[in-house]
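The values are calculated or read from the model by the stated rules, or taken from the named source; none is laboratory data. This one's a predicted model, so the numbers in the text were calculated from it and none came from an experiment. Reconstructed Cβ throughout: ideal geometry from the backbone, glycine too, with neighbour counts over all protein chains shown.
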Amino acid sequence: MRRWSIELLRAEGPGWTTAECLALTTLVHTGGAAAQLELARTTCRPRLTVFLDEPAWSAADLEVPSSRLAIPDPHRPGQVYEGWWGTDAEGGVVGKAPQHPTMHRLYRTDDLTHWLRHAPHPRG
């Protein structure tokens, strides 16, 4: 999560330090409860939200127009993982990771960095 936070936030503030990027990062586990996600979104008012896996995204029950980006599995030819980025009605960026960050060492760093760098900038 640290590397992802730094990559995503430095796109907005290129001069930000690691400490500044991490100070603006919150990890919220909602346990699949849409009401908990709504409480976190209302309380924290994030400009960027990333869902770490398919179950978390499904439980959120949000509709966000998105552009898909497939990342290949370097260990299983022909297998890809789909991530995406979109912008919600309030101008915030919403994404779904192609695979959970705890698995990032199993995949090529360049592939995940490519996905992270495709995040749009929040509006407003």
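Observations, loosely collected:
- Scope the stretch 40-67; condition acidic (D, E) and touching a residue at least 24 places away in the same chain (Cβ under 8 Å); matching residues: D53, E54, D61
- The lone exception for E38 - which of (1) of a type in the set (D, E); (2) closer than 16 Å to A97 by Cα; (3) over 14 Å from the mean Cα position of the chain (by Cα) it fails: (2)
- Exactly one residue among L48, L106, L27 is modelled with pLDDT of 90 or more, within 18 Å of R2 (Cβ to Cβ) and not acidic (D, E), and that residue is L48.
- Checked against (1) in contact with a strand residue (DSSP E or B) (Cβ under 9 Å, 6 or more places away or on another chain); (2) touching a residue at least 12 places away in the same chain (Cβ under 8 Å), Q79 passes all but condition (2).
- Residue count for the stretch 68-78, restricted to those that are of a type outside the set (A, V, I, L, M, F, W, C) and either on the phi > 0 side of the Ramachandran plot or surrounded by 11 or more Cβ atoms within 10 Å (Cβ to Cβ) (or both): 5
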